[in-house]
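What follows draws every value from the coordinates through simple rules; no lab data is involved. What you see is a predicted model, and the numbers here were worked out from it, not measured in a lab. Methodologically, a virtual Cβ is constructed for each residue, glycine included, from the backbone with ideal geometry; neighbour enumeration extends over all protein chains shown.
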Amino acid sequence: MDLSLAVDAKNLVKVFGKITALDGLDFKVKSGDIFGLIGPNGAGKTTALRIVSTLIVPTSGSVRVYGYDVVRDPEEVRKLVSYLPEEAGAYKNLSGDEYLNFMAKFSSKSKKSIDATVGVAAEISGLGNRLRDKIKTYSKGMKRRLLVARALMTKPKLAVLDEPTSGLDVLHSVHVRETIRHYAEEQGIAVLLSSHNMLEVEYLCEKVALINQGRIIAEGSPEELKAKNEVDNLEKAFAKVVGLA
Amino acid sequence: MLEGLTNVVVKELKELLRDPKILIGMIVVPLLMFPIMGLVIRGSMESVEQRLQKLEVGLVDFDHGTFTENLTTFLQSVNVSIINIAASDLTEAAIFLQTKTNATDLIHIPEGVTENVSQKLPAMIEVLSIFSGAGGIIEMSGSEAVTGYLEYFKRTLAPDPFTTIVKSIVKGEVKDVPPSTLFTIAYSQVFILPVTISVLLVFSMQIAATSVASEKEEKTLETLLSLPISRFTILSGKLVGSIIVAAVGAIAIIFGFNYYMGSFALIGTPSPVDPSALGLAPTLTGYVVLGASVFMALLSALALAIIISAFSEDVRGAQSIVGYLYTLIMLPMFVIMFTDFNALPLIAKIVFLAIPYAHPMLAAQASITGNYLMAILGVVYVAVFTVALLYLASRLFATEKILTAKLKFRGFKLRRKKS
């Protein structure tokens, strides 16, 4: 058991009825790394992230998070992981503050520590006084910033972020990306994220896995993947690997 | 095991009680509906009273004898205003009554009445009432008052060898009230309570289904399930939140109903009817049994709605699937309203009693009649049913099915397409 590995996924298979979502997926995320899973829709990215976050169980294979098995020790894994689903929502009748307080209480016990956690989220989100307003009044970008702040505020050992900038405009995307990078560096947390946005992945990730039809088809740092495929960006590298270019 | 429950419950309550649909539907409506109905009944009773105090009656006389004179004198002595209508026939008199007067009743005295009465032969007079179609107690009150006065007048002419006084036996005690009056009270209870309980059950199921399904739809449930908190705590939090809201709803319905029953006692008619004095309003025990039954049925309905909606794809799916369950509420409601449960065949009784949502309606009846045994057994039955549901829900919440299962009624869809 390698406890320096934030995630150790081995031969992961997930079958939903007649559909094989993951077909022998292997990847490792080192503690402190930002690791990107990139691939087209239906490649199996979200399924992989859900398994790591203990929401669903693999049909076969195994995933360990800092040594804890996601199937046998899901409660231990949940203490280490913070998961941000793609297009996640928040409780519309709560204010931003109430939402963050609600979430903070699961990881912090004393009022002082809860307040500190919420303070961190307020800083990450940059929403200021709007945190007092009900979430139903937020724009999509504001809601995503709140949710990213929620995912990072507890300083998890592993943040699992599914399409963190999904549906956001340029300004909000930049804010969220900067936040993730800055916070991961500052706190030394591992980040496992998925994205369609190759530029985003190139900017954020130390290591990238290209995933297609439930399998890893290439893995390495963005520079390694570009050099290996003799292209100038990850998008072209991906297209070349899957035989589209 | 249930660490974090308070946090989840507080969140649920904030979410539920800040939702205007829930606040208005489950608490405000029951609290307002019964008092408003009570006020309507009191208002209509007062209208009847006022009308009877200055009752006007048309009189068309083809007899021209002393009978009419005596009758007129009698009616005037009991403050009834007589409008004498000179007409060649009854139709002309009726048209005059309807078009030229405010009276709604016409006394027709045919030719020969005086002679027959004086010879102690049978005589006949007629009372005709205008049918407006409006219905209700006001329309009936005029003709009932006139026939009552005529009956009394008849006794002054030729006293009956005996008179019949109709009384009622309520819970073993003789009450000086005719069964027809009691029927009116019971009728209102038989209709109002089951309908209100059904509305509350349907509404709460709809809200619970929407609440859980929207968590799935908006992916807040996914985030919740990834937190360091047990699945059972999440389920319990949802249920406790729903229970508190349901309990407030049940209390609201009981308070509202109590006010409604109290409004009968305030009626200032010549024969005021107080259901409490007659033992026909629920006692404290009755209210407790009724409240417990309504609460338990609500809890059961909420648990069922939560389970079903948790396995739906979205809010619309959850609402349509929960919609199929309304039969379990509507069927007992109609049975209670339109039939006598005790007269049902044995198999129908068993089916009826197997439906958990029939029991609060039986408890509503029991709260009036005082036969609590069946109602208490019903509470126990629904409690057992609810515990089984909760066990099932906790088992399902612990698996990934909560996120991946999708209930579909393929049969229904196919049938709809064909039609």
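Among B:Ile197, A:Ile34, which comes first, second and so on when ranked by fewest other beta-carbon atoms within 10 Å?
Numbers: B:Ile197 28, A:Ile34 23.
By the 10 Å Cβ count, ascending, the order reads A:Ile34, B:Ile197.
Counting only residues 5 or more places away or on other chains, whose amide H sits under 5 Å from the amide H of A:Ala21 once H atoms are built in the peptide plane?
A:Lys14, A:Val15, A:Phe16
Quick one: Karplus J couplings for region A:26-33, per residue in order, coefficients 6.51, -1.76, 1.60, θ = phi - 60°, nearest Hz, x for Gly and Pro?
Result, ordered by residue: 10, 7, 10, 10, 7, 4, x, 8 Hz.
Between B:Asn84 and A:Lys30, how many nm apart are label points set 7 Å from Cα along the C-beta direction?
Label at B:Asn84, label at A:Lys30, 11.9 nm between them.
With a cut-off of 19 Å, note down the residues of region A:111-138 whose backbone N falls inside the zone around a label point 7 Å from the Cα of A:His182 toward its beta carbon.
Within reach of a label on A:His182, which here means backbone N under 19 Å from a point 7 Å along Cα→Cβ, region A:111-138 contributes A:116-131.
With unit charges on the beta carbon (Lys/Arg positive, Asp/Glu negative), name the residue among B:Met205, B:Ser180, B:Leu225 whose Cα is farthest towards the positive pole of the charge dipole of region B:176-238.
Result: B:Leu225.
From the Cα gyration tensor of chain A, with a ≥ b ≥ c the square roots of its eigenvalues, which class applies: rounded if a/c is under 1.5, or else prolate if a/b is larger than b/c, or else oblate? It would help to have the intermediate numbers written out before the result.
Values: a/c = 1.82, a/b = 1.41, b/c = 1.29.
Judged from the Cα gyration tensor, chain A comes out prolate (a/c at least 1.5, a/b above b/c).
Can you pull out the trypsin sites (Lys or Arg not before Pro) in region A:1-56 whose DSSP state is coil and whose Cβ has at most 10 other Cβ atoms within 10 Å? Before the final figure, lay out the partial values.
Working: sites: A:Lys10, A:Lys14, A:Lys18, A:Lys28, A:Lys30, A:Lys45, A:Arg50; in loops: A:Lys18.
Here the trypsin sites (Lys or Arg not before Pro) that fit, given the DSSP loop and packing criteria, are A:Lys18.
What's the longest uninterrupted piece of chain B once you rule out the trypsin sites (Lys or Arg not before Pro) that are loop residues per DSSP with at most 12 other Cβ within 10 Å?
On the way: sites that count: B:Lys54, B:Lys120, B:Lys167, B:Lys171, B:Lys406, B:Lys408.
It works out to B:172-405.
Over what distance in Å are the Cα centres of region A:107-171 and region B:276-341 separated?
The distance from the Cα centre of region A:107-171 to that of region B:276-341 comes to 40 Å.
Choose one answer from B:Ala348, B:Ala250, B:Ala383: the residue with the largest mean-square fluctuation in a GNM of chain B with alpha-carbon springs under 10 Å.
Highest fluctuation among the options: B:Ala348.
If you place +1 on the Cβ of every Lys and Arg, -1 on the Cβ of every Asp and Glu, and leave all else neutral, what size is the dipole of region B:54-183 about its Cα centre, to the nearest 20 Debye? Walk me through the numbers before you get to the answer.
Working: 8 positive and 16 negative charges, 112 e Å.
Charge dipole, region B:54-183, about its Cα centre: 540 debye, nearest 20.
Hey, can you grab everything whose amide H is under 5 Å from the amide H of A:Leu192? Only 5+ residues off in sequence or another chain; H modelled, so Pro and N-termini drop out.
Placed amide hydrogens put A:Phe35, A:Ala159, A:Val160, A:Leu161 under 5 Å from A:Leu192.
Quick one: helix B:179-217 against the long Cα principal axis of chain B, what's the angle to the nearest 10°, folded into 0 to 90?
Tilt of helix B:179-217: around 20 degrees.
When a/c is below 1.5 the answer is rounded, else prolate if a/b is larger than b/c, else oblate, so apply that to region B:54-183 with a ≥ b ≥ c taken from the square roots of the Cα gyration tensor eigenvalues.
Values: a/c = 2.49, a/b = 1.34, b/c = 1.87.
The shape class here is oblate.
Once phi is turned into ³J(HN,Hα) by the Karplus curve 6.51 cos²θ - 1.76 cosθ + 1.60 with θ = phi - 60°, what whole-Hz value does each residue of region A:193-202 show in order, with x for glycine and proline?
After applying 6.51 cos²θ - 1.76 cosθ + 1.60, I find 10, 10, 6, 8, 7, 5, 4, 4, 5, 4 Hz.
Set the Förster radius R0 to 60 Å, insert the Cβ-Cβ distance between B:Tyr326 and B:Thr101 as r into 1/(1 + (r/R0)^6), and round the FRET efficiency to 0.05. It would help to have the intermediate numbers written out before the result.
Details: r = 50 Å, r/R0 = 0.83.
So the FRET efficiency works out to roughly 0.75.
What is the mean number of Cβ atoms from other protein chains located within 10 Å of the Cβ atom of each residue in peptide A:102-108, rounded to a whole number? Mind showing how you got there, number by number?
On the way: counts 9, 5, 1, 8, 9, 3, 0.
Shielding by partners across A:102-108 averages 5.
Return one number: the angle in degrees, 0 to 90 and rounded to the nearest 10, between the long axis of the Cα atoms of helix B:315-325 and the longest principal axis of the Cα atoms of chain B.
50 degrees
A:Glu224 label point, 7 Å along Cα→Cβ, cut-off 20 Å on backbone N: hits in region A:11-44?
Output list for this probe position: A:11-12, A:25-39.
Restricting to DSSP H runs of at least four residues, report the calculated mean residue ellipticity at 222 nm for chain A, -39500 (n - 2.57) per run over all residues, nearest 500 deg cm²/dmol.
On the way: 9 runs with 94 residues, N = 245.
Per the formula, -11500 deg cm²/dmol.
Measuring from label point to label point, each 7 Å out along Cα→Cβ, what is the A:Glu87 to B:Ile244 span in nm?
Between A:Glu87 and B:Ile244, the simple spin-label model gives 3.3 nm.
Would you mind ranking A:Val7, B:Val127 so that the residue whose beta carbon has the fewest other beta carbons within 10 Å leads the list? Please list the in-between numbers first.
Details: A:Val7 23, B:Val127 16.
Ranked by crowding around the Cβ, least crowded first: B:Val127, A:Val7.
Could you check the spin-label model distance between B:Glu313 and B:Glu126? Points 7 Å from the Cα along Cα→Cβ, value in nm.
6.9 nm
Using 0.36 nm per residue, how much length does the chain from B:Val384 to B:Val10 gain when fully extended, once their Cα-Cα distance is taken away? Intermediate values should be presented prior to the final figure.
Details: separation 374, 0.36 × 374 = 134.64 nm, distance 2.68 nm.
Fully extending the segment from B:Val384 to B:Val10 adds 132.0 nm.
For chain B, take the longest principal axis of its alpha carbons; what is the angle in degrees between that and the long axis of helix B:372-397, to the nearest 10 within 0 to 90?
30 degrees
Report ³J(HN,Hα) in whole Hz for each residue of region B:164-172, in order, from the Karplus equation J = 6.51 cos²θ - 1.76 cosθ + 1.60 where θ = phi - 60°; Gly and Pro get x.
Couplings: 10, 10, 8, 10, 10, 10, 10, 6, x Hz.
Given 0.36 nm per residue, what is the gain on full extension from B:Asn371 to B:Asn70 after removing their alpha carbon distance, in nm?
On the way: separation 301, 0.36 × 301 = 108.36 nm, distance 5.22 nm.
So the chain would gain 103.1 nm between B:Asn371 and B:Asn70.
Report Rg (one decimal) and Dmax (nearest whole number) for chain B, counting Cα atoms only, units Å.
Rg then Dmax for chain B, in Å: 29.7, 100.
Scan around A:Ile211 for amide H atoms under 5 Å from its own, H built in the peptide plane at 1.01 Å from N, and keep only partners 5 or more places away or cross-chain.
Amide H neighbours of A:Ile211: A:Ile38, A:Gly39, A:Ile217.
Quote the FRET efficiency, to the nearest 0.05, computed for A:Leu171 versus A:Lys10 with a Förster distance R0 of 56 Å and r equal to the Cβ-Cβ distance. Intermediate values should be presented prior to the final figure.
Values: r = 40 Å, r/R0 = 0.71.
The calculated FRET efficiency here is 0.90.
Just rank A:His196, B:His359, A:His175, fewest to most, by other beta-carbon atoms within 10 angstrom. Walk me through the intermediate numbers first.
On the way: A:His196 16, B:His359 28, A:His175 19.
Least to most surrounded, the residues fall as A:His196, A:His175, B:His359.
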